[in-house]
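Take a look at the structure set out below.
The values are calculated or read from the model by the stated rules, or taken from the named source; none is laboratory data. Since the model is a prediction, treat every value here as computed from it, not as a measurement. Virtual Cβ from ideal backbone geometry, glycine too; neighbours counted across all protein chains shown.
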């Protein structure tokens, strides 16, 4: 696949790679993965950004056209129209799983998706285009991934954009637990997953439960039995299992950011969120902002009069800023 938007000289192509990190993944998901490459004035010194999709989305989601809001490609076209000399490549890897999304972590229940990004995708980019200054960005689960991969791999990524990334876990996840408890209690977790996969449509309650199951597969896979998921609540009583929940919140950016302050020094950090976020992610991201400020870490933080959805236009502000920083290095 290769085509060009003539008005902006934005070129889109697709390559396939073998993802060695995903070999023998428990879910049996493909190891052949597409990467969509979006380029503008790309040359030997152009920086590369890796874009991570939100949950229930993948690389193709970035190409979706919207006629009710400004979509990602339209946003890039506007960026390139206003900054015609801007030079970059954006790599959008296929990260879909049989649990319908990704948190971009290594998990015995899902697969080694941190390694997929940092070894397979980055390895392909370096082999094909040489070592470049790398940045990473994403929204929702993709924003969580951009933050998490940067703090864990500070030598790879020089900066990130986190748009409404999962944080403040008690506010963004707990609200889905009642739907999840009812869904899993009825037939059991495995029966729910099988039914979900066979169903042509899904209720909001089922989507909430699917999200909970997937988060548990990333945050709390059973440590003794590969493929078994430890849920953060008791299905019989419905009450929170604090030992499992503790494993979840260890991954909460609003909490663990204090432990990774040194990894964030000398990085370009851009965080954006709506103050009406339907998952209250603005609370967690505001906490991250306060922590960074107290630690003297230079960063950009902006709240908007927006919710969680249809906010791709925010990249019009943040992506040029990240690219400009990478170019200056």
Single residue of region 90-108 satisfying the filter (under 18 Å from the mean Cα position of the chain (by Cα) and farther than 16 Å from residue 146 by Cβ) that is surrounded by the most Cβ atoms within 10 Å (Cβ to Cβ): 99
Where a residue in region 309-329 is outside the structural domain of residue 276 (by TED's automatic domain parsing) and its partner, wherever it lies, is at pLDDT below 95 and assigned to a helix (DSSP H, G or I), with Cβ under 7 Å and at least six apart: none
Hey, residue 119 within 30 Å of residue 18 (Cβ to Cβ), surrounded by fewer than 24 Cβ atoms within 10 Å (Cβ to Cβ), free of Cβ contacts under 8 Å to residues at least 12 places away in the same chain and in the same structural domain as residue 28 (by TED's automatic domain parsing) or not: no
Qualifying residue in region 56-68 (condition: in contact (Cβ under 8 Å) with a residue 12 or more places away in the chain, crowded, with 17+ Cβ neighbours inside 10 Å and closer than 20 Å to residue 158 by Cβ): no
Qualifying position, being outside any loop (DSSP other than H, G, I, E, B), touching a helix residue (DSSP H, G or I) at 6+ places or on another chain (Cβ under 7 Å) and not assigned by TED's automatic domain parsing to the domain that holds residue 69, among 238, 284, 211: 211
Candidates 161, 122, filtered to the one that is in contact with a strand residue (DSSP E or B) (Cβ under 8 Å, 6 or more places away or on another chain) and assigned to a strand (DSSP E or B): 161
Matching residues in region 26-60 - criterion: being closer than 18 Å to residue 318 by Cβ and either outside the structural domain of residue 111 (by TED's automatic domain parsing) or not in a loop (DSSP other than H, G, I, E, B) (or both): 38, 40, 48, 49, 50, 51, 52
Residue in region 192-210 that is touching a strand residue (DSSP E or B) at 6+ places or on another chain (Cβ under 8 Å) and surrounded by 20 or more Cβ atoms within 10 Å (Cβ to Cβ) present: no
Failed item, numbered, when residue 169 is tested on (1) surrounded by fewer than 20 Cβ atoms within 10 Å (Cβ to Cβ); (2) in contact (Cβ under 8 Å) with a residue 60 or more places away in the chain: (1)
